1. Exactly one of (1) in contact with a helix residue (DSSP H, G or I) (Cβ under 9 Å, 6 or more places away or on another chain); (2) under 18 Å from Thr164 (Cα atoms); (3) at pLDDT 50 or above is unmet by Met77. Its number?
2. With respect to Ser178, is the statement that it is hydroxyl-bearing (Ser, Thr, Tyr), under 20 Å from Gly90 (Cβ atoms) and surrounded by 14 or more Cβ atoms within 10 Å (Cβ to Cβ) true?
3. For the range 112-136, what are the residues that are surrounded by 17 or more Cβ atoms within 10 Å (Cβ to Cβ) and in a helix (DSSP H, G or I)?
4. Within the range 137-174, how many residues are surrounded by fewer than 18 Cβ atoms within 10 Å (Cβ to Cβ) and in a loop (DSSP other than H, G, I, E, B)?
5. Please identify the pairs in which a residue from the range 95-108 that is of a type in the set (Val, Ile, Thr) has its Cβ atom under 7 Å from the Cβ atom of a residue that is in a loop (DSSP other than H, G, I, E, B), counting only partners at least 6 apart or on another chain.
Amino acid sequence: MVSTTISTKIFLLFCLLFSPGRGVSKKVDISSEQKDITTPITTMPTIIPTTTPTSSSPVLNPTSNPDTASPMIMTPMTMAPATTTSGGLGGSWCVASQSASERAVQVALDYACGHGGADCAAIQPGGMCYNPNTVHAHASYAFNSYFRKNPVPSSCNFGGTAVTTNIDPSSGTCQYQSTR
């Protein structure tokens, strides 16, 4: 009788240890729960227009003559300081750097008037700031427009093609708004 009891207990022990059910823990597949943390998340914003444009003609980026292979002689443009439209001292403006290449400035101008959302209507043909019709002059106006919308020092860089100045670049009918 003792041998049957021991045999029964051993049999029950085997049943508990090797049968699926309460005594066996589930194996969890950890790899399906892991997230990929090495792939960077893109920071490019998705822009979805919420309204339709009100004008019938699209606003185009201003174009100027591209870089030429021949060497160019550049004479500094002298502008008489105009009165500030902001109404006082202490203003700052964002303008195209004279040392930046025309090609780099054109790329930055395209960004400012396009994705950057600068108001470039004044540098369109017939606009108040269309003349002088140069990439640097148009870019200076566009950069300053962008800088006014985002008045922090880092918004006047444009890949090294822009600089801030405390001298008002306005001239004649072309008035630049200052940032304080």
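1. Failing condition for Met77: (3).
2. Yes.
3. Correct list: Ala112, Cys113, Ala122, Ile123, Val135, His136.
4. 10
5. Val95/Pro169; Val105/Thr161
The values are calculated or read from the model by the stated rules, or taken from the named source; none is laboratory data. Computed from a predicted model, the values in this text were never measured in an experiment. All Cβ positions, even for glycine, are placed from backbone atoms using ideal geometry, and neighbour counts span all protein chains on display.
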